[in-house]
Each structure stands twice: as structure tokens, then as C-alpha cells.
Amino acid sequence: HTGKIGGVALEMEDVYPKIEYPANDGDKINQVKVELAVRKVLPFSAMFMSEAPLIRAEATAASVPGSDEFCVVSLETNAKNTGILISGNAGITMDCSFMSNSPSANSAYAKGSAEVYAKSVAAVGGIQESTNWHVDNYDPYSPAVKDPFANITPVPGDMKCAGKWKTQGNTTKWENDVLDETTNFNDAKDANGNKANCWASMSVGSGQSLTLPDGTYYISGGDAFIQGNLTCTSCTLVLTNKSTAPDAPIGQFKVNASANVNLTAPSGSSEYYKGIAIYQDRRAKDSASSVNLINGNSGSKITGALYFPNQELQYNGTGNTAGTCTLFVSRRIDFSGNSVTLNKFKNASECTGTGIPSIGGGRLVRLVG
């Protein structure tokens with residue numbers, strides 16, 4: 001088009017939108033520039049111009065790398081709730097990143113005297129910058145991360161619940177046993193005489209010790225409450241219910257401050273619960289009173305994933321909690337405690353052979369100009 005402004009002839013190409021890829025320079029191969037225009041009569045300028053001016057706007061977007069590997073993931077989707085909360089005197093050092101799926105304005109929040117050293121903190125919602133975070137990058141408004149264990153669901157037919165027949169009056173019924181320090185794994189059988197792998201609940205008393213043989217241990221409907229010493233070199237604790245009812249009760253995992261928990265998840269490629277140390281059924285109801293609690297201390301070490309997809313996990317480290325290859329995946333995660341930079345966690349690439357999956361931030365598209 002040819003026109004005049006102030007007596008000066010101008011030539012402009014009225015072909016929009018204009019898309020330039022790569023944007024400007026050859027080295028900007030991941031950038032695209034879009035230019036839009038509209039010809040509009042403006043009340044004031046119309047008194048001086050022979051025709052409507054062309055109003056143009058342009059923007060440049062780029063595909064940029066997302067955060068590093070995540071080893072703390074909140075699956076919360078309610079905008080009213082913070083996904084990751086770090087409070088008290090909690091001290092955390094990690095070679096990986098935090099990720100919260102919560103769209104809350106405070107999706108990931110650190111307060112109090114907490115000190116957090118990590119590669120980055122990312123969230124679907126907002127992140128309030130503070131002196132508590134010592135990170136290379138803040139990545140608010142990032143795309144949500146998928147549940148890494150969404151395809152893992154306990155199969156009731158796999159559960160062989162230990163117990164005994166009990167008669168009360170004219171009624172005889174099967175009653176499931178409790179898994180505790182007195183359990184004899186060689187004698188534990190289900191109602192059909194099969195070797196048991198399922199119990200009504202789990203309990204390790206204060207000052208007591210329970211060593212689990214390698215395998216999967218189903219807890220049907222009850223809690224796992226650890227006050228003493230719990231050890232297993234290749235196992236998964238599954239909080240579930242043999243009942244298939246959608247409202248079947250699901251227990252919590254609770255570790256007392258005086259306990260020592262040393263668990264290592266199975267890592268074999270054929271293992272159904274590969275890389276998962278503790279699994280909670282996603283039928284578990286979320287409420288203020290339904291909270292899983294791990295009080296760590298200098299003698300505890302959990303290698304594998306802590307998976308609580310529909311309930312909160314409170315992790316209170318009070319010393320040199322050596323959870324170096326621990327993946328946290330929970331609806332909400334609350335870190336607290338009284339240690340300073342002593343709870344140390346590595347990313348999945350540093351934990352090869354553990355079965356822990358790598359959860360990356362992918363790539364993001366952002367305006368850069």
C-alpha cells in the first residue's frame with residue numbers, strides 16, 4: 001500500500017499476520033516472531049491523516065528448557081491449597097528440583113527459618129520468592145507434571161491376607177492378622193493355605209525390630225505405625241484394601257520420631273512396584289485428619305519413591321536424614337523439622353540401579369520479546 005503521512009510517502013505491506021521462524025537470526029532456532037496489524041480510524045489522528053493508520057504489534061516466543069529433574073512432586077490440583085510447604089527450621093539440600101501442580105498463587109511456599117538449596121522450584125501456579133529458597137531458577141506457571149505411577153494399581157487377587165478362623169457363637173469368620181515384630185513369615189498363610197503377603201495393619205513397637213524378607217507387603221485397610229526399627233532391602237509397602245469398593249478404607253503411614261526406618265524399593269525390571277518403597281492406594285480420602293507422617297532421624301534411610309497421590313505427606317527431618325535417593329510424590333508435601341541443610345536428596349540420574357524414574361520439566365514456551 002502507498003500513502004502519505006506529513007507529506008512523506010510510505011510503502012507498507014498489508015499482509016498479516018507475519019510469521020518469522022527462526023526469529024531474526026539463525027542461532028535463534030527455537031524462537032518464532034509473530035507480527036499482527038490492524039488499520040483503524042483514530043478520532044484525533046483522523047483530523048491530520050488522509051487514511052487510517054496501520055497499528056502493528058509483535059511478539060517473540062521461545063521454546064526454553066524446563067526445570068531440571070524433579071525429586072519432589074505435588075499432585076495437588078485445588079487452587080485453594082499450597083502444594084509444597086517448607087516451614088520451621090527445615091534444612092534441605094538437593095541436586096534436583098521441586099514441582100507443584102497446584103494452580104494456587106502460593107503453589108510452592110517456604111517460610112520461617114527454613115533453608116532450601118535446590119536446582120529450581122517450579123509450579124503450575126505462582127511462587128513467592130523469598131530468602132528461604134536458594135535456587136538457580138524460579139519457574140512459575142509451568143505445565144503440570146503427570147503422575148509417574150498413574151498406571152500402578154494394586155490387584156486384589158494378588159493379596160493373600162494372613163489370619164485365622166475365629167468362632168463367636170454360631171458364626172465363624174476369617175480375621176486378618178497384624179504384621180508386627182512377632183510375625184512368623186514361614187507360618188503366615190491365607191484362608192486357602194497360600195503363603196501370606198497381606199495383613200490388616202502393620203505395627204512395630206518402640207524398641208522393637210522388624211526385618212522384612214524381600215517382597216511386596218499389602219496392608220488391607222489399616223495403618224502402618226512404626227515406633228521401632230523397620231528394615232527391608234528390596235520391598236514395597238502397599239497401603240490398600242482387598243475390598244474393591246470405591247470407599248474402602250485406606251490406612252496411613254506413620255513413623256514416630258524415635259523410629260529407624262531403612263527401606264529399599266525393588267529395582268528389577270520385572271517388578272510391578274519397581275522403584276516404589278511406599279505406595280498408598282489413590283482411593284485414600286483426603287482430609288485434615290488423614291495425613292501421612294514420617295519423622296526422620298540420623299538412622300533412617302529410604303531409597304525409592306514415597307507415593308501418596310491423594311493425601312498429604314508431612315516429612316519432618318530432625319537430623320542427618322540420609323534419604324539420598326528418595327522421590328517424593330504426594331498430593332501435598334509439608335517439610336519441617338529442626339535440621340539445617342542436612343536432609344540431602346539426589347536426582348534420578350545419580351541414583352541409577354534404584355528403579356526410581358526420572359521426572360523432567362520438559363520444555364516450556366514463553367514470551368521473550
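What to note about this one:
- The criterion of at least 1 residues that are of a type in the set (Phe, Trp, Tyr) and open to solvent by less than 70 Å² (accessible area, probe 1.4 Å) is met by the following strands (runs of 3 or more DSSP E) wholly inside segment 99-144: 108-110, 133-139.
- Tally, over segment 156-171, of residues that are loosely packed, with under 10 Cβ neighbours inside 10 Å and either in a strand (DSSP E or B) or within 33 Å of the chain's Cα centre (by Cα) (or both): 5
- Cross-chain or 6+ apart pairs with Cβ under 9 Å, segment 85-97 first and open to solvent by 40 Å² or more (accessible area, probe 1.4 Å) and part of a loop (DSSP other than H, G, I, E, B), then modelled with pLDDT of 85 or more and of a type in the set (A, V, I, L, M): Asn89/Ala114; Asp95/Ala118
- Given (1) in a loop (DSSP other than H, G, I, E, B); (2) at pLDDT 95 or above, index of the condition Ala288 fails: (2)
- Condition met for Asn292 (under 22 Å from the mean Cα position of the chain (by Cα) and open to solvent by less than 20 Å² (accessible area, probe 1.4 Å)): yes
- Qualifying position, being at pLDDT 80 or above and farther than 26 Å from Val124 by Cβ, among Gly268, Gly319, Gly296, Gly275: Gly268
- Scanning segment 325-347 for residues that are modelled with pLDDT under 80 and touching an Asp or Glu at 6+ places or on another chain (Cβ under 8 Å) gives Val340, Thr341.
- Residue tally, condition open to solvent by 40 Å² or more (accessible area, probe 1.4 Å) and closer than 27 Å to Asn310 by Cα, over segment 178-193: 1
- Residue match in segment 251-265 (condition: in a loop (DSSP other than H, G, I, E, B) and among the charged types (D, E, K, R)): no
- Condition check for Gly221: over 26 Å from Lys344 (Cα atoms) and open to solvent by less than 10 Å² (accessible area, probe 1.4 Å): no
- Selection within segment 230-269 - in contact (Cβ under 8 Å) with a residue 60 or more places away in the chain and surrounded by fewer than 16 Cβ atoms within 10 Å (Cβ to Cβ): Ser243, Thr244, Ala257, Gly268
- Hey, Pro309 at pLDDT 90 or above and in a loop (DSSP other than H, G, I, E, B) or not: no
The values are calculated or read from the model by the stated rules, or taken from the named source; none is laboratory data. Just so it is clear, the structure is predicted and the values come from calculations on it, not from any experiment. Reconstructed Cβ throughout: ideal geometry from the backbone, glycine too, with neighbour counts over all protein chains shown. Surface areas here come from the heavy atoms of the whole protein model, side chains and all, with no ligands, DNA or RNA. Shrake-Rupley method; radii C 1.70, N 1.55, O 1.52, S 1.80 Å.
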